[in-house]
Amino acid sequence: MSNPFDAALEVLDPDDSEGAQRRFPEMPIGEAVDMGHAPDGRPLLDPRIFDSPEFGRNPYPYYRIMRDHYPVFHDQLHNCYFVTRYEDVTACYFDEVGFNTIPKGVSSGVLGNTQLELSGIEHRRRRNIYGRHLVGAALTKRLHALRQLGQELIDEWYAAENPHGVEIDHDAGVVTIELGRAFANAFPISVVAQVLGIPQEARQQFTWWYDAMMSGLGGSDTHHEGLVARQDLEEYLESLVESRRRLPTALTDEAGNEISLDIISELCASEIDGDVMSTEEITSFVALVVGGGGETTRGAILNLWYLLLQHPEQWDAVQGDDGLWNTAFHEMLRHSTSIGGQPRHNTFDIELHAVTIPSGSLVHMVDVAANHDDRVFADPERFDIFREDLYSGKILRSGHDKDGRYSHMGFGVGPHLCPGAWISHQEAVIGSQILADNMPNVRINVERMAKDIDGESLAPIGLGSIRELWLDFDLT
Amino acid sequence: MSEVESPTDRPGEDVELSPYGGDDTEPDVLPAAGYRTYEVYQRERVGETTNLIKPRQLISDAYLTDPYSLLDILREHYPCFRDWATNRFWITRYDDVTSVFVDDANYETRPKLWHYNRVGWGRSLWDEVDLQRARVNRIDAGLTASVERCLAELANGGDLATGLAARLPLELWGEVLDLEGDDLSRFAGLFWTTQRGAGWHAEGRHEGLVALDELATWFDALLDERRGRDRDDLVSVAARLESDRPPVSGADLAASVLESDHETLQGGLANLWFQLLTNPEQLGLVRGDRRLVKFAWLEALRHSPPVLSAVRYARHEVERFGRLIPEGGLVMCSGAAANRDPRVFAEPDRFLVERKDLCQREPRGQYRADGLPSGIAFGLGKPSVHPAIPKDRPRSLYAVTRDVAVAASNAVLDAHPDIALTSGAEPTLRSLRLGEMHTCWSLPI
């Protein structure tokens, strides 16, 4: 029996069991899976890699392929485009006309119509209302509260009820903690709750809500739980907002003087275009602050400590040097920021790097790829708080290039630059300083940490932040 | 107070410039054209969550073999499903799907060349009546011989999926292009490589690009060779084509071959015979009344369409199905789900050649010649805009495909009146890759 097309039909190999899913081997960090090559020698990128565990733990070699060979990568499986070079991401973020923030991002379902989805005048009006709480003098006067909240948490480690799972071995004189449970989970959310004006007793509940909302962002299996949490939060906030509308409350400084209204009271009293904000608007805003101010700062603290403790000479250098803590914070955000990027939606047909993007396409601005762009940062995969190409001073919306130093994209750039950048910076640095003061001879408890594929070395951070950080320190 | 204000320029407020507060680059001019100050947004409520289906199920291996159980969930619970994992809206009810197909004001279909980022590289020639006619005439003339060549190899049994369903369309390309032997085999390989490459698969896409170029170069040579030839094959006709547009190039022919339907005949034939062979009582009905072959073909396309869904894009923001679909939004019109819509077809999961609620004419969605709904298989079909089609106009590709399938199936029945599956064979339908045709790859008889 012969079919003259047998050879041709080999293109349609019915035994090709690969199908939709593909298991990608886990590679040594920094090396990409070989997914074949185009005739011109360019490495190919199989879009299924983005759904794989391998990409989550070892994303940077793939982003390098994109930056070097596909500066605009059209992913036809997930129907989106990726922009990965520092220069391009910056240009797109600043182009408010060409790129809309229309809610096509996965966060919208749970968080609501937040500031992230607004553009232009509506965006600025709101941003101006809360900006000063997260940025301005009102915050600077509140830094004492940060120290106080941090110290309170640490004092609880030695309390009888031991709510943070702290293990004390008196014989060996060693204390073991999981930094997230002991400190980093609760600290940022306490700060956020305080600035918002949430009563102390509701903070535990708050932590739960933000966990559920964060894990339930659209497109995830826990989306339903996220929406339930959002609904609960909304019901809770409704009564709170009503009471703040009648009776605004204020934040106080160290001496007990009123500084300003808390954010919710401020939002209740604010007018936009001559009208008060609706409860729904306020809730969406609070949802964003809870999400943005909790999870990201938690991740920042964990990643910062994980990276520094793996580089002992850098860890030693930051001790007692406030300026270097700031630098380390920025280098950590460049190296391993927990927010991957932001979605945009192009207003017109555009052509970028010979790829035509039809208007209305989903375009992902990949901050983490831009942060590892070796056109800007030398040896980008190396964590080095002494690097000379990273700008770590005052972050401006346009501050990406000062004297040959570039700012990282951990907070984005442009009009949507993270308004919580300054407060989270303060939380991470002040929190870390207090922690370091209270944890003599601190080191990673390697035994309990997640391991990489070789079963020995510590797992890489990859995308996002590490889940757990186990630490030992000497009991005093 | 100006509308654009920064926290620092409010009169009477003592706000010091903090390290992160710099508003020094606030643009003076607000964007105007193409810019919306307030995005329309629909808040999702707990009761509206789509927790019966997980985001990645629709790109899972399970979808490749059995898409219907997942599509049922969508159709019955989430008729316009916002799929975050692959950034698209799934439309699954019959009336909804057909309404998107016919709505060219709001939705567009992008050509396969777009998937190659090569729009404008070559133009599709299928709007030229001369070429349409050449294709139809060549198929009509060569059909019987082509079917005989396939069946000769199957005289003592064999695999109907590869020996007939996959082979016949390629034999017909040989007739249309006047190619045979090694040339035709080479064309077949290039044809399949270009067709499969127009998608998300990285390797396939690059192989497809290479094949597309090779095809264009080859067609250039063929055009030169056949320019003066007085023959009626597609290439000769294209070489002689007189129009006010630039002369036909190899790239144009390659683009035309790329844009032509490649799945319905192969997939439809394989699925038809899969259904007949796995439903012997239906095969018995067809054996008893050969007029039922055509109905079996239509029912096969309804019950198991090889093209599961068609992709359309919103031309502009459009509010439909209770949702706001943004400009550029991908609308995934699932013909497979619509064809099993119990609102339209009774007992939709059964394959019934004598079905009374299925249109017996061209499956074009909402256009219903006899008032009955047709199956959706030619995903991109839409009603003809011509009030009356001139007599000398060639038959539509739909009609040609139907005639080929019916003729081939009749020939199979003639040659093998007692055709049956090889005992123990358990054929299945499967897509090789996500987005590709859902068909039977092995049908031993």
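The values are calculated or read from the model by the stated rules, or taken from the named source; none is laboratory data. In this text, all values refer to a predicted model and were calculated from it rather than measured experimentally. Don't worry about glycine lacking a Cβ; one is built from the backbone with ideal geometry, like all the others, and counts go over all protein chains shown.
Residues checked against (1) within 14 Å of chain A (Cβ to nearest Cβ); (2) modelled with pLDDT of 80 or more; (3) touching a Gly at 6+ places or on another chain (Cβ under 8 Å):
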site: B:PRO348; (1), (2), (3): no, yes, no
site: B:VAL353; (1), (2), (3): no, yes, no
site: B:ALA369; (1), (2), (3): no, no, no
site: B:ARG433; (1), (2), (3): yes, yes, yes
site: B:GLU436; (1), (2), (3): yes, yes, yes
Pairs where the first residue, in segment A:279-300, is in contact (Cβ under 8 Å) with a residue 60 or more places away in the chain and the second is of a type in the set (D, E, K, R), C-beta under 7 Å, 6+ apart: A:THR283/A:GLU234; A:ALA287/A:ARG230; A:THR297/A:GLU427
Which numbered condition A:ILE430 misses (of (1) under 30 Å from A:ALA172 (Cα atoms); (2) out of contact with any helix residue (DSSP H, G or I) (no Cβ under 6 Å at 6 or more places or on another chain)): (2)
Some residue of segment A:320-340 being touching a helix residue (DSSP H, G or I) at 6+ places or on another chain (Cβ under 6 Å), outside any helix (DSSP H, G or I) and either within 14 Å of another protein chain (Cβ to nearest Cβ) or surrounded by fewer than 16 Cβ atoms within 10 Å (Cβ to Cβ) (or both): yes
Residues of segment A:28-48 that turn out to be surrounded by 19 or more Cβ atoms within 10 Å (Cβ to Cβ), more than 9 Å from chain B (Cβ to nearest Cβ) and assigned to a loop (DSSP other than H, G, I, E, B), as a count: 2
Of all residues making up segment A:230-252, the number that are under 16 Å from A:VAL192 (Cα atoms) and touching a residue at least 60 places away in the same chain (Cβ under 8 Å): 1
Breaking point among (1) under 26 Å from A:GLY360 (Cα atoms); (2) more than 7 Å from every other protein chain (Cβ to nearest Cβ); (3) modelled with pLDDT of 90 or more; (4) surrounded by 14 or more Cβ atoms within 10 Å (Cβ to Cβ), for B:SER99: (3)
Selection from segment A:73-93 of residues that are within 14 Å of chain B (Cβ to nearest Cβ), touching a helix residue (DSSP H, G or I) at 6+ places or on another chain (Cβ under 8 Å) and under 11 Å from A:MET365 (Cβ atoms): A:PHE82, A:THR90, A:TYR93
Evaluation of A:PRO248 against (1) under 28 Å from A:ILE466 (Cβ atoms); (2) in contact with a strand residue (DSSP E or B) (Cβ under 6 Å, 6 or more places away or on another chain) (one fails), failing number: (1)
Residue ranges of helices (runs of 4 or more DSSP H) in segment B:170-289 with at least 2 members within 24 Å of B:HIS115 (Cα to Cα) and more than 23 Å from the chain's Cα centre (by Cα): B:202-226
Residues of segment B:410-425 satisfying the condition of being among the hydroxyl-bearing types (Ser, Thr, Tyr) and not in a loop (DSSP other than H, G, I, E, B): none
Considering residues of segment B:102-139 that are within 14 Å of another protein chain (Cβ to nearest Cβ) and part of a helix (DSSP H, G or I) only, the residue nearest to B:ASP341 (Cα to Cα): B:LYS112
Failed criterion for A:GLY173 (all others in (1) modelled with pLDDT of 85 or more; (2) at negative phi hold): (2)
Segment A:416-431 residues that are farther than 12 Å from A:VAL195 by Cβ, paired with ones that are acidic (Asp, Glu) and part of a helix (DSSP H, G or I) (beta carbon under 8 Å, 6 or more apart): A:VAL429/A:ASP322
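Return yes or no: is B:ARG245 at pLDDT below 90 and not hydroxyl-bearing (Ser, Thr, Tyr)? Lay out the reasoning, then the answer.
Working: at pLDDT below 90: yes; not hydroxyl-bearing (Ser, Thr, Tyr): yes.
Judged against the criteria, B:ARG245 is a match.
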Residue within segment A:142-165 that is within 14 Å of chain B (Cβ to nearest Cβ) and either modelled with pLDDT of 75 or more or part of a helix (DSSP H, G or I) (or both) present: yes
Cβ pairs under 6 Å, 6+ apart, first in segment A:351-370 and at positive phi and within 12 Å of chain B (Cβ to nearest Cβ), second in a strand (DSSP E or B) and surrounded by 17 or more Cβ atoms within 10 Å (Cβ to Cβ): A:HIS353/A:VAL72
Options B:LEU151, B:LEU172, B:LEU184; residue that is facing chain A (nearest Cβ under 10 Å) and out of contact with any Phe, Trp or Tyr (no Cβ under 6 Å at 6 or more places or on another chain): B:LEU184
Complete set of residues in segment B:149-169 that are among the hydrophobic types (A, V, I, L, M, F, W, C), part of a helix (DSSP H, G or I) and closer than 15 Å to B:PRO444 by Cα: B:CYS150, B:LEU151, B:LEU160, B:ALA161, B:LEU164, B:ALA165, B:ALA166
